[in-house]
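Participant: Before anything else, here's the structure in question.
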Amino acid sequence: MEKNHGIGPRRLVVGAHYGLRDWIAQRATAAVMAIYTVILLGWFFSAGNFSYDGWAAIFSIQWMRLATFVTLLSFVYHAWVGMRDIWMDYVKPVSVRLALQVLTIVWLIACSGYAAQILWRV
């Protein structure tokens, strides 16, 4: 009787569904961040007031706050996908990997909350 050795039609594939979906998510979030960067640079170079009041004026407009927050969320998701892949590829003990993933999630959520406070305080 021949053993399967994990090769062939009965092979257990774990995590294969991450590939294409996360590749597309990385590209989409990068596109959002690139578009926002172009908008912000255009606004910056066309502005004449480079003081705190000038920056506060840019972010006092509601659509700019919303665009900034959407870009921040895109950045957080982009960072999560990248860090999760790093943890999955290079950290072999499951308990350490899980702890690092949880710490990454907590850190990214905390940064998002702090950024929201800053945006809507201006």
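Participant: Using 0.36 nm per residue of separation minus the Cα-Cα distance, give me the extension gain between Leu20 and Leu119 in nm, one decimal.
Facilitator: 32.3 nm is the gain from fully extending Leu20 to Leu119.
Participant: Taking only C-alpha pairs under 8 Å that are 6+ residues apart, what is the relative contact order of the stretch 21-121 in percent?
Facilitator: Normalised by residue count, the contact order of the stretch 21-121 is 35 percent.
All of the numbers you see were taken from the coordinates with simple rules; none came from a lab. Computed from a predicted model, the values in this text were never measured in an experiment.
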